[in-house]
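The values are calculated or read from the model by the stated rules, or taken from the named source; none is laboratory data. A quick note: this is a predicted structure, and the numbers were derived from the prediction, not measured. Neighbour counts run over all protein chains shown; Cβ positions are idealised from the backbone, glycine included. The accessibility values were calculated without ligands, DNA or RNA, using every heavy atom of the protein model including side chains. Shrake-Rupley method; radii C 1.70, N 1.55, O 1.52, S 1.80 Å.
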Amino acid sequence: MAKVLISDNLAPEGIEILKDAGLDVVVKTGLKPDELKEEIKSYDGIVIRSATKLTADIIKEADNLKIIGRAGVGLDNVDLDVATKKGIIVMNTPLGNTISTAEHTMTLMLALSRNVLKAHASMKEGKWERKKFMGIELYGKVLGIVGLGRIGREVAKRAMGFGMKVIAYDPYLSEDMAKKMEIESVEYEYLLKNSDYITFHVPMTDSTYHVLGEKEIGLLKSTARVINCSRGGVVDEDALYKALLDNKIAGAALDVYENEPLKDSPLVKLDNIGLTPHLGASTEEAQVNVAIEIAEQVRDALGNKSIRNAVNLPSIDPEVLEAISPYLNLAEKLGSLLGQMIEGQVKNIEVKYSGEILSHNVNPVTSALLKGFLSPILMESVNYVNAQVIAKERGIKVEEIKSTEVKNFTNLIQVTVETSKGEKKVAGTLFSKENPRLVNVDGFYVEAIPEGCMLIIYNQDKPGVIGHIGTTLGKKGINISGMSFGRSIEGGDALTVLNIDSALDEEFIKKLLSSDYIKAIKPINL
Ligand code: NAD
């Protein structure tokens, strides 16, 4: 009988499902890291929420473990790399708290509009201040949604029910898909300038960090109200504080913070803000939903029935998996690279395979590529199993081409992404099983190892450019571990790919850009 450890509080409905399936279920919450390290050795599966930290040294001891089930979405508490290397499937439940978070967003929007929080506080002080708390209606107002994923869409439906006009910014969703939902898809700047309410439903990524900062707040209407129920760090709290203090905008409501729990923040002293302590998913229903979802997933995976919402392993025959895993790795890297390079709304992705790789079924390789491509955008909610479905659902057309043409490389994966702002291309090959190489970027032949921190530099083929890059990085103490240079014609456009030992901040990228011969730089993290 397979043994499952439940190491965080889980709704009883989930525990029942596991027990009914005949599994040996042990509930032990609050274990200290050393206790868990000992305890975990005999289990086939473990179900956690956010409290249990499955660090590398704990997972290394888990010799029988096959499944880690996270009731919820975030996987910051699991060392995914070590789990994957040990062949442990890690799964989460991306659906269970969507409605709760959408409803919490509406709650905050309404509370802001009708001054509910302030009126309540004033009544508790024995006051009766009807004039002071004059509100506004949601009806007829423009709601700008940033991130039209699961929660963003549910918010849109509810806002439409209130008679609001919904516009949205989500560069990874096709315009047609937005239109089908009767939502106008707009550019971010337009959304900021024209919305009465702005609500964020994006994951925390490099591109969403402080996506509402001082500059963006400067574009908002003076009557605008901002809501953030997504992740702390998406909204720059210092910039928001200043804007609210100076009454540059009408109000804000936050559920999530850059540092949680929120401590010593000047935000709490403001009058025109509503704050809740990360309550988005805190409903009885959401807790039950995620417990049921994870219990069913763990039960089915341990019973060899199906693997759902696995974030780290494709559901492929183990023998086939071994043969194609170097390609999966290469494709995922190429996808991630492109996901970080593109600008604008994604329309099509073309994946062209040639050479030896065609002796395998390449469809899982396409899934790996899409997982890599969508991960910088969707984080934990995309996996090998759902990557193709998610791309389709977002209106992204994916074309798989098997080419018999073999030039220069014994195997090659060429990927072209078309967006509203143009095309981006990369190609990669395997020199050997353990040696993936990036061999083309936007038509320039290069040879770079696709891993770690990289810089893609669009420059001109002029004397001194490479010197400028090397000296500027050297002065900052950043080591270059690899460099490859490709050019079209002598003195023409060129491209440099660098592998560097640590990431660069924005200020430093600006310094590199100070050369007239460097046109653009894309920092990449693989
Ligand atoms: P999702 O993956 O379904 O949707 C995220 C959307 O953001 C996607 O459509 C994606 O294309 C879009 N996006 C990514 N980068 C973008 C960018 N730079 N600009 C505009 N759009 C961008 O995720 P979801 O389930 O809807 O969750 C949204 C957020 O809510 C996540 O950050 C999640 O962690 C958070 N969340 C918070 C709570 C809470 O308790 N407050 C509960 C659940 C989820």
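Scoring Leu148 on the criteria (1) open to solvent by less than 10 Å² (accessible area, probe 1.4 Å); (2) in contact with a Gly (Cβ under 7 Å, 6 or more places away or on another chain) leaves a single failure, condition (2).
Just one of the numbered conditions (1) part of a strand (DSSP E or B); (2) within 16 Å of the ligand (Cβ to nearest atom) is not true of Thr101; which one? Status for Thr101: all satisfied but (1). Restricting attention to segment 219-234, the residues being within 16 Å of the ligand (Cβ to nearest atom), crowded, with 20+ Cβ neighbours inside 10 Å and assigned to a loop (DSSP other than H, G, I, E, B) number 4. For the condition among the polar types (S, T, N, Q) and open to solvent by 60 Å² or more (accessible area, probe 1.4 Å), Asn64 qualifies. Residue count for segment 159-182 under the criterion of being without any contact (Cβ under 8 Å) to a residue 12 or more places away in the chain and within 15 Å of the ligand (Cβ to nearest atom): the result is 1. If you go through segment 235-268 and pick out every residue that is away from the ligand (no atom under 16 Å from the Cβ), closer than 28 Å to Ile99 by Cα and not in a loop (DSSP other than H, G, I, E, B), you end up with 4. Applying the condition of being closer than 10 Å to Tyr384 by Cβ and β-branched (Val, Ile, Thr) to segment 301-322 and asking which residue is modelled with the highest pLDDT yields Val311.
For Met123, the test of being away from the ligand (no atom under 16 Å from the Cβ), open to solvent by 50 Å² or more (accessible area, probe 1.4 Å) and part of a loop (DSSP other than H, G, I, E, B) is failed.
Looking only at segment 432-449, decide whether some residue is farther than 30 Å from Leu358 by Cβ, assigned to a strand (DSSP E or B) and among the charged types (D, E, K, R).
No - not one qualifying residue is present in segment 432-449.
When segment 66-80 is filtered for residues that are in contact with a Leu (Cβ under 7 Å, 6 or more places away or on another chain) and either closer than 16 Å to Pro203 by Cα or of a type in the set (Asp, Glu) (or both), only Asp79 remains. Each residue in segment 21-71 was checked for being part of a loop (DSSP other than H, G, I, E, B), hydroxyl-bearing (Ser, Thr, Tyr) and in contact (Cβ under 8 Å) with a residue 24 or more places away in the chain, and 4 pass. Take Ile136 and tell me if it is within 15 Å of the ligand (Cβ to nearest atom) and outside any helix (DSSP H, G or I). The answer is no for Ile136.
Would you mind stating whether Glu187 is more than 29 Å from Ser336 (Cα to Cα) and either of a type in the set (A, V, I, L, M, F, W, C) or open to solvent by 80 Å² or more (accessible area, probe 1.4 Å) (or both)?
Criteria not met by Glu187.
Any chance segment 235-253 includes a residue that's surrounded by fewer than 14 Cβ atoms within 10 Å (Cβ to Cβ), outside the structural domain of Ser375 (by TED's automatic domain parsing) and touching a residue at least 60 places away in the same chain (Cβ under 8 Å)? Checked against the condition, which is being surrounded by fewer than 14 Cβ atoms within 10 Å (Cβ to Cβ), outside the structural domain of Ser375 (by TED's automatic domain parsing) and touching a residue at least 60 places away in the same chain (Cβ under 8 Å), segment 235-253 yields no hits at all. Contact map, segment 353-376: first residue surrounded by fewer than 19 Cβ atoms within 10 Å (Cβ to Cβ), second residue of a type in the set (S, T, N, Q) and not in a loop (DSSP other than H, G, I, E, B), Cβ cut-off under 6 Å, separation 6 or more or different chains; pairs are Glu356/Asn411. Do we have any residue at all in segment 463-477 that's among the hydroxyl-bearing types (Ser, Thr, Tyr), open to solvent by less than 80 Å² (accessible area, probe 1.4 Å) and within 22 Å of Ile342 (Cα to Cα)? Within segment 463-477, none of the residues are among the hydroxyl-bearing types (Ser, Thr, Tyr), open to solvent by less than 80 Å² (accessible area, probe 1.4 Å) and within 22 Å of Ile342 (Cα to Cα). Set side by side, the residues Glu296, Glu350, Glu343, Glu285 differ, and just one is under 30 Å from Met1 (Cβ atoms), acidic (Asp, Glu) and not assigned by TED's automatic domain parsing to the domain that holds Val211, which is Glu296.
Residues in segment 183-211 that are away from the ligand (no atom under 11 Å from the Cβ) and farther than 17 Å from Leu173 by Cβ: 9 in all.
For every residue, the table says whether it meets (1) outside the structural domain of Gly339 (by TED's automatic domain parsing); (2) out of contact with any His (no Cβ under 8 Å at 6 or more places or on another chain); (3) assigned to a loop (DSSP other than H, G, I, E, B).
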{"residue": "Leu143", "(1), (2), (3)": "yes, yes, no"}
{"residue": "Gly152", "(1), (2), (3)": "yes, no, no"}
{"residue": "Lys157", "(1), (2), (3)": "yes, yes, no"}
{"residue": "Ala168", "(1), (2), (3)": "yes, yes, no"}
{"residue": "Asp176", "(1), (2), (3)": "yes, yes, no"}
{"residue": "Lys193", "(1), (2), (3)": "yes, yes, no"}
{"residue": "Thr199", "(1), (2), (3)": "yes, yes, no"}
{"residue": "Ser207", "(1), (2), (3)": "yes, yes, yes"}
